[in-house]
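**Student:** Below: one structure in structure tokens.
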Amino acid sequence: YSYFKNCHKKTKTKNMSNPVEQFNAYREKMNTQILVDNNTVIKRIFNLDTKAFQEGALDITTKELLGLVASAVLRCDDCIKYHLEKCHKEGLSREQIVEALSIATLIGGTIMIPHLRRAYEFLEALEA
């Protein structure tokens, strides 16, 4: 649900050419449409996601790095963007994020490289 929460709120964006703002606006718009159906299974999955990324035996930053690596290995660009933004907001350094992405690329193989390029592009937008 953390990936999907606040989807019912309207967002005001100043510059829709910003890839971070575009991604967040699209995610909110589509999550609103998804949640309108009030499907129990989907709502439970969203809720499970929220709970999984809360503080526990692992701290939030570790969980976000794990989410980033798993998303990269699975080659989910939306998931990579989401976890990049969360890592950035949690205060992880570029060096920490890049090291996590390097592990993902090692595990995922060269097929990961196009996703790595898009991850770097999004990270640059976050740092701008």
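**Student:** Take the residues of the range 77-128 that are outside any helix (DSSP H, G or I) and more than 24 Å from D59 (Cα to Cα): which is least open to solvent (accessible area, probe 1.4 Å)?
**Tutor:** Across the range 77-128, the extreme among qualifying residues is G109.
**Student:** With the requirement that a residue be touching a Cys at 6+ places or on another chain (Cβ under 9 Å) and among the β-branched types (V, I, T), what does the range 62-115 give you?
**Tutor:** I97 - this is the single residue of the range 62-115 that is touching a Cys at 6+ places or on another chain (Cβ under 9 Å) and among the β-branched types (V, I, T).
**Student:** For the condition charged (D, E, K, R), at pLDDT 95 or above and within 10 Å of the chain's Cα centre (by Cα), what is the one hit in K63, K86?
**Tutor:** Matching residue, one of K63, K86: K86.
**Student:** Applying the selection to the range 45-76, what residues are among the small types (G, A, S) and part of a loop (DSSP other than H, G, I, E, B)?
**Tutor:** G56, A57
**Student:** When you scan the range 33-40, do you find a residue that is under 13 Å from the mean Cα position of the chain (by Cα) and either modelled with pLDDT of 95 or more or open to solvent by 40 Å² or more (accessible area, probe 1.4 Å) (or both), even just one?
**Tutor:** No, there is no match, as no residue in the range 33-40 is under 13 Å from the mean Cα position of the chain (by Cα) and either modelled with pLDDT of 95 or more or open to solvent by 40 Å² or more (accessible area, probe 1.4 Å) (or both).
**Student:** On to the next question. Count, please, the residues in the range 75-122 that happen to be without any contact (Cβ under 8 Å) to a residue 12 or more places away in the chain and closer than 19 Å to D49 by Cα.
**Tutor:** So the answer is 2.
The values are calculated or read from the model by the stated rules, or taken from the named source; none is laboratory data. Everything quoted here is computed from the prediction, not taken from an experiment. Backbone-built Cβ (ideal geometry, glycine too); neighbour counts: all protein chains shown. Heavy atoms of the whole protein, side chains included, go into the accessibility calculation; ligands, DNA and RNA do not. Shrake-Rupley method; radii C 1.70, N 1.55, O 1.52, S 1.80 Å.
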